[in-house]
Amino acid sequence: MIMRAFFCIELPDEVRSSLAEQSGRLQRTLGSAKWVAPENLHITLRFLGEVDGVTVSEIQQEAQKVAAGCAPFQLQLETLGAFPRPERARVLWAGPAAENEEFSKLARRLEEAAQTVGLPPERRKPSAHVTLARFRNPRDVSTEIAPLAGAPLELLVNQMVLMSSSLGPQGPTYSPYARFPLAG
Ligand code: 3AM
């Protein structure tokens with residue numbers, strides 16, 4: 001068994017629909033891009049890539065320990081932002097205005113877990129964000145970067161999800177594979 005997978009935080013319906021609405025509005029001004037479908041909006045914790053059955057079972061054991069050691073926390077999505085920077089954006093996202101320590105801790109522990117089971121290190125620093133769009137060619141979105149309408153969108157992060165992803169011509173389809181309640 002080989003599965004493309006990642007750990008993420010799911011969004012509650014009201015956060016998802018607010019982001020989908022704002023994404024729809026941005027779509028009308030920004031136009032051509034790969035816009036993330038509303039049902040696919042999420043906050044990535046750790047991308048794993050293609051993993052085999054043994055790795056999936058090992059990472060689940062490690063994730064269990066990580067979740068047992070982290071307490072539920074609040075996350076506020078307050079602003080639009082862009083990677084690597086608004087003037088040359090490849091990714092347009094919604095997220096917190098500043099680093100969230102609890103998110104960082106959870107992501108750091110998952111990074112350690114991934115390395116424990118033999119996965120290569122992720123070099124990019126984890127940052128809490130919901131990707132709304134990806135641009136094939138970098139573009140200037142600086143005039144769009146603003147606080148989210150109706151901000152802050154608040155969510156209680158009380159579990160993380162191991163998500164499987166299958167890539168198709170219409171884009172990826174995500175299915176929750178396992179859930180890990182934060183119990184620290
Ligand atoms: O949450 P975002 O959109 O930032 O870009 C992919 C998405 O992140 C990322 O994993 C998340 C779920 O698909 N991703 C895809 N391929 C990746 C790779 N090779 C990757 N992250 C790191 N390395």
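Since every read-out is calculated from the coordinates, none of them should be taken as a lab result. As the structure is a prediction and not an experimental result, all values here were calculated from the model.
I'd like the distance separating the alpha-carbon centroids of segment 114-184 and segment 6-80, in whole Å.
Each part reduced to its Cα centre gives a spacing of 4 Å.
Which of the aspartates and glutamates could a cross-linker bridge to K125, judged by Cα under 16 Å and excluding same-chain residues fewer than eight apart?
Those aspartates and glutamates meeting the cut-off are E99, E101, E102, E111, E112.
Rounded to the nearest angstrom and ordered from largest down, what semi-axes does the equivalent ellipsoid of segment 1-144 get from its C-alpha gyration tensor (root of 5λ)?
29, 17, 15
Each residue of segment 150-166 in turn: what ³J(HN,Hα) in whole Hz from Karplus with 6.51, -1.76, 1.60 and θ = phi - 60°, glycine and Pro shown as x?
Once rounded to whole Hz, the list reads x, 5, x, 7, 9, 9, 8, 8, 10, 7, 10, 10, 8, 9, 9, 10, 10.
How big is D, in µm² s⁻¹, for segment 71-169 by Stokes-Einstein at 4 °C and 1.567 mPa s if Rh is the Kirkwood radius over C-alpha pairs?
Reported coefficient: 85 µm²/s.
On each of the three principal axes of the Cα atoms of segment 6-54, give max minus min coordinate, whole Å, ordered largest first.
Here the Cα extents, ordered largest to smallest, are 45, 26, 14 Å.
A82's amide H: which non-local residues (gap 5+, or another chain) put their own amide H closer than 5 Å, with H modeled 1.01 Å from N in plane and none for Pro or chain starts?
W93
Can you give the calculated 222 nm mean residue ellipticity of the chain, where each DSSP H run of n ≥ 4 adds -39,500 (n - 2.57) and the sum is split over every residue, rounded to the nearest 500 deg cm²/dmol?
Computed mean residue ellipticity for the chain: -9000 deg cm²/dmol.
Which one, L92, L75, L156, has the greatest fluctuation when you compute a Gaussian network model over the chain with C-alpha springs under 10 angstrom?
Highest fluctuation among the options: L156.
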